[in-house]
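Below: the structure, in structure tokens.
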Amino acid sequence: MIAQPTPMAPERARELGPLQLAYVGDTVWDMLVRVDLLRRGLNVHHMHREAVGRVNAGAQAASFRRLRPHLTEAEEGVALRGRNAHPHHAVPRNQDPRDYADATGLESLMGYLYLTGQERRIDELFAIAQEE
């Protein structure tokens, strides 16, 4: 994980909107998936196909549901703010609205953890999310 030189104070991060956190968290999740695929030694074509299958609302929602029982109260609060946020655009046609909301919750949580310098916790939660 790319560490920030000076993590944001948790109070400041909580002041950000859930969609702002999700904006960062989407990239964090994408990077985690891509590094995981790279470590598995796949060729670029297979990595791309796997990444597309793992970085989408349905897959992220399933990850969120696996993680939820392992979240602290504060983490769940951040995730639920993201889950309940109303984007200014419609849910994509090919996505289930519940999955889209859960995926936004996951992304918000990842953005919050990243911005507050909690890389170890990100790694722990990512490992849990990958269990099936």
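In deg cm²/dmol, rounded to 500, what helix-only [θ] at 222 nm does the chain give when every DSSP H run of at least 4 residues adds -39500 (n - 2.57) and the total is split over its residues? Don't jump to the answer; show the numbers that get you there.
Working: 7 runs with 92 residues, N = 132.
After summing the helix terms and dividing by the residues of the chain, the value is -22000 deg cm²/dmol.
From the Cα gyration tensor of region 10-130, with a ≥ b ≥ c the square roots of its eigenvalues, which class applies: rounded if a/c is under 1.5, or else prolate if a/b is larger than b/c, or else oblate? Could the numbers behind the result be given before it?
On the way: a/c = 1.81, a/b = 1.26, b/c = 1.43.
Because a/c hits 1.5 or more and a/b fails to exceed b/c, region 10-130 counts as oblate.
With springs only between Cα atoms under 10 Å, which of PRO18, PRO97, PRO69 fluctuates most in a Gaussian network model of the chain?
Judging by the Gaussian network model, the answer is PRO69.
Among ARG98, ARG12, ARG65, determine the one that fluctuates most according to a GNM of the chain built with springs between C-alpha atoms less than 10 Å apart.
Of the options given, ARG12 has the highest mean-square fluctuation.
Top mean-square fluctuation among GLU11, GLU76, GLU107, Gaussian network model of the chain, C-alpha springs under 10 Å?
Comparing GLU11, GLU76, GLU107 in the GNM, the peak value goes to GLU11.
Place a +1 charge on the Cβ of each Lys and Arg in the chain and a -1 charge on the Cβ of each Asp and Glu, then give the dipole magnitude about the Cα centre in debye, rounded to the nearest 20.
On the way: 16 positive and 18 negative charges, 44 e Å.
Computed charge dipole of the chain: roughly 220 debye.
Which of LEU16, ILE122, ALA59 sits farthest toward the positive end of the charge dipole of the chain, with +1 on the Cβ of Lys and Arg and -1 on the Cβ of Asp and Glu?
The residue sitting farthest along the positive end of the dipole is ALA59.
Read-outs throughout are calculated quantities, based only on the coordinates presented, and are distinct from any laboratory measurement. Please read these numbers as outputs of a predicted model, since none were measured by experiment. Glycine gets a Cβ as well: all are built from the backbone with ideal geometry, and neighbour counts include every protein chain shown.
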